[in-house]
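Presented below is the structure to which this report refers.
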Amino acid sequence: MAIEKIINQIKKDSENEVKHILKEAQKQASDIINYARKEAKLESEKIIANGKKQGENLIKILISKANQDTKKEIMNAREQLIEECFTKAHHKLSILKDKEYEQIVKKLIEDGLKKLGGKCAILVSRDSDKKIAKELGINIDGNVETSGGVILKSFDGRVILDHTFDGILRREKNKIRIKVGKQLFS
């Protein structure tokens, strides 16, 4: 009987040891699972925060690009309006009637005469220019294809002044563009 008691005691101790090991294993497994859950939660929070930050940055980038595109469209629309003003101004100059046209061209020729020292020849664009040239005693050296105005040449041909409407608009375009822009968009 003593052996049976010993065997029973060993069985009982073994069962208790197994229960204790199982309980300890379950506790360790539970601790590992809890730790893993906490780590997963922290990692998911980091991922979510990073995603939010990337989303906010993307929104900022998209808003900035939209603002740039809008500014570009506004600039293009303004530029188009300014160009339209140049086109209309050129058209108005090209259809100026005799008196008004003659006053403008006379001033342009007188300006050219001052710059060339009073002696020159001109290329004319309209019949009115011939009339003005005769009044001022200037030789006519030919015709020029343009919407109006004249080209003045020194007698030696070394200095040429383009006082045509096209030439003036071309030379003064940047200055005029600024003034037109201020008038239209101030």
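The values are calculated or read from the model by the stated rules, or taken from the named source; none is laboratory data. Predicted model, so just to flag it, every value in this text is computed and none were measured. Please note: Cβ atoms are built from the backbone with ideal geometry, for glycine as well, and neighbour counts cover all protein chains shown.
Filter the range 82-120 for residues that are outside any loop (DSSP other than H, G, I, E, B) and in contact with a Gly (Cβ under 7 Å, 6 or more places away or on another chain); which is surrounded by the fewest Cβ atoms within 10 Å (Cβ to Cβ)? If you could, list the steps in order and put the result at the bottom.
Filtering the range 82-120 for residues outside any loop (DSSP other than H, G, I, E, B) gives 82-94, 98-116.
Keeping just the survivors that are in contact with a Gly (Cβ under 7 Å, 6 or more places away or on another chain) gives 82, 93-94, 101, 105, 108.
Details: Ile82: 20, Leu93: 19, Ser94: 15, Tyr101: 20, Val105: 26, Leu108: 22.
Across the range 82-120, the extreme among qualifying residues is Ser94.
Could you give every pair whose Cβ atoms fall below 8 Å, whose first residue belongs to the range 101-126 and is farther than 14 Å from Asn139 by Cα, and whose second residue is of a type in the set (Asp, Glu) and crowded, with 17+ Cβ neighbours inside 10 Å, counting only separations of at least 6 or pairs across chains?
Every condition considered, the pairs that remain are Val105/Asp129.
For residues that are basic (Lys, Arg) and over 15 Å from Leu116 (Cα atoms), scanning just the range 131-157, find the one that is surrounded by the most Cβ atoms within 10 Å (Cβ to Cβ). Walk me through it before giving the result.
So in the range 131-157, the residues basic (Lys, Arg) come out as 131, 134, 153.
Now restrict to residues that are over 15 Å from Leu116 (Cα atoms): 131, 134.
Working: Lys131: 15, Lys134: 11.
Out of the qualifying residues, it is Lys131.
Within the range 144-178, which residues are free of Cβ contacts under 8 Å to residues at least 40 places away in the same chain, closer than 11 Å to Ile122 by Cβ and touching an Asp or Glu at 6+ places or on another chain (Cβ under 8 Å)?
Ile151, Lys153
Suppose we filter Asn76, Asn57 for residues that are farther than 30 Å from Asp166 by Cβ and surrounded by 10 or more Cβ atoms within 10 Å (Cβ to Cβ); which single one remains? If you could, list the steps in order and put the result at the bottom.
Values: Asn76 fails: farther than 30 Å from Asp166 by Cβ.
It is Asn57.
Among (1) under 19 Å from Lys88 (Cα atoms); (2) free of Cβ contacts under 8 Å to residues at least 40 places away in the same chain, there is one condition Ile132 misses while meeting the rest; what is its number?
Among (1) under 19 Å from Lys88 (Cα atoms); (2) free of Cβ contacts under 8 Å to residues at least 40 places away in the same chain, Ile132 violates only (1).
From the list Leu108, Leu96, which one is under 40 Å from the mean Cα position of the chain (by Cα) and at pLDDT 90 or above?
Values: Leu96 fails: at pLDDT 90 or above.
Only one candidate qualifies: Leu108.
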